[in-house]
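Student: First the structure, then my questions, so here it is.
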Amino acid sequence: MSSAAGKFITFEGIDGAGKSSHVSFITQYLRERGIEVVATREPGGTPLGETLRNIVLNEKMHGDTEALLVFASRREHLAEVIEPALARGEWVVCDRFTDSTYAYQCGGRGLDPSRVAPLEHFVHGHRQPDLTLLFDAPINVARERLDRATPDPDKFEREQGEFFTRVRQVYLERAAQFPQRIVIIDASQTIEMIRERLCDHLKRLLG
Ligand code: TYD
């Protein structure tokens, strides 16, 4: 049975930090406890969002354009999927959200965060995740995983180490800025250790 108030959990991290495999673990963990879960991702999560994802991940464009497109996808996602699910008392588990825009478009591409903040306010001023799990790993560890697991890399995955160094730095700065919401998961630990940590955080959220 659903609890009265749905919770919104987001997953973040540089490409190759291994977050995606943990999305399905958490989804299953919550479902086993009787919680209705919507598992989704950004950019994407709606038919229009998935079309925008294809464009953002594959077409070369200005950093501003990237930011506008991911927020367009996000607006649709919130309206069609995230807000209705939370209103029904379901939990939403989302692979990436606005922290990715600060990390990739601001950190990676150099877009001024003061350009992103008004977009964030416009698209979801009233809504922030209840919990953000930031999967963090040294750049060389993530790069090695990425090269091993991704035969056909997208535009971001083809970026060089300095790009990901900047992305990671913004993530860590945001974790320091929002310690109540963002928890850092050391992604270089074993899967069992990571799962243990994830369960601790979920238990806290389950109350
Ligand atoms: P990712 O979760 O890495 O997808 P996959 O594991 O299937 O490759 O996300 C896709 C990419 O989108 C990732 O490289 C980061 C990028 N991205 C942004 O640049 N800005 C954003 O706001 C979001 C949500 C994602």
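Student: Calculate the all-directions average of the projected area of the chain's alpha-carbon convex hull, and give it in nm².
Tutor: Numbers: hull surface 43.7 nm².
Directional mean of the projected Cα hull area for the chain stands at 10.9 nm².
Student: Still on this structure: Let me spell out the model: positive unit charges on the Cβ of Lys and Arg, negative unit charges on the Cβ of Asp and Glu, origin at the Cα centre of segment 59-207. What dipole size does that give, in debye rounded to 20?
Tutor: Using Cβ point charges on Lys, Arg, Asp and Glu, segment 59-207 gives about 220 debye.
Student: Please give the calculated 222 nm ellipticity per residue for the chain, where each DSSP H segment of at least 4 residues contributes -39500 (n - 2.57) and the sum is spread over every residue; nearest 500 deg cm²/dmol?
Tutor: Details: 8 runs with 102 residues, N = 207.
After summing the helix terms and dividing by residue count, I get -15500 deg cm²/dmol.
Student: While we're on this one: In nm, what is the difference between 0.36 nm times the number of residues separating Asp200 and Ser114 and their Cα-Cα distance?
Tutor: 27.5 nm
Student: By how many nm would the segment from Asp152 to Gln169 grow when fully extended, if each residue of separation counts as 0.36 nm and the alpha-carbon distance is taken off? Display every interim value, and only then the final one.
Tutor: Values: separation 17, 0.36 × 17 = 6.12 nm, distance 2.59 nm.
Here the segment from Asp152 to Gln169 would lengthen by 3.5 nm.
Student: Sorted by packing (mean other beta-carbon atoms within 10 Å per residue), highest first, where do 18-27, 112-121 land?
Tutor: Highest-to-lowest ranking by the protection proxy: 18-27, 112-121.
Student: Can you pull the three principal axis extents for the Cα set of segment 139-207, in Å, largest first?
Tutor: Principal extents (Cα only, largest first): 41, 28, 18 Å.
Student: Given the alpha-carbon gyration tensor of segment 48-111, what are the semi-axes of its equivalent ellipsoid in whole angstrom, ordered largest first, with each equal to the square root of 5 times an eigenvalue?
Tutor: Semi-axis lengths for segment 48-111 are 24, 13, 9 Å.
Student: If each residue's Cβ is checked for other Cβ atoms within 10 Å, how do Tyr102, Tyr171, Tyr29 rank with the fewest at the top?
Tutor: Working: Tyr102 23, Tyr171 26, Tyr29 19.
Lowest to highest Cβ neighbour count: Tyr29, Tyr102, Tyr171.
Student: Determine the relative contact order of the chain: mean sequence separation of Cα pairs under 8 Å and six or more apart, normalised by residue count, in whole percent. It would help to have the intermediate numbers written out before the result.
Tutor: Values: 307 pairs, mean separation 63.8, N = 207.
Over the chain, the number comes to 31 percent.
Student: Right, another one. Out of Gly16, Gly125, Gly45, any idea which swings most in a Gaussian network model of the chain, alpha carbons joined below 10 Å?
Tutor: Ranking Gly16, Gly125, Gly45 by mean-square fluctuation puts Gly125 first.
Student: Oh, and also: Sequence neighbours fewer than 8 away in the same chain don't count; with that in mind, list the lysines whose C-alpha is under 27 Å from Lys155.
Tutor: Result set, ordered by chain and number: Lys19, Lys60.
No value in this document is a laboratory result; all are computed from the given coordinates. Source: prediction; values computed, not measured. Here the Cβ is made from the backbone with ideal geometry for all residues, glycine too, and neighbour counts use every protein chain on show.
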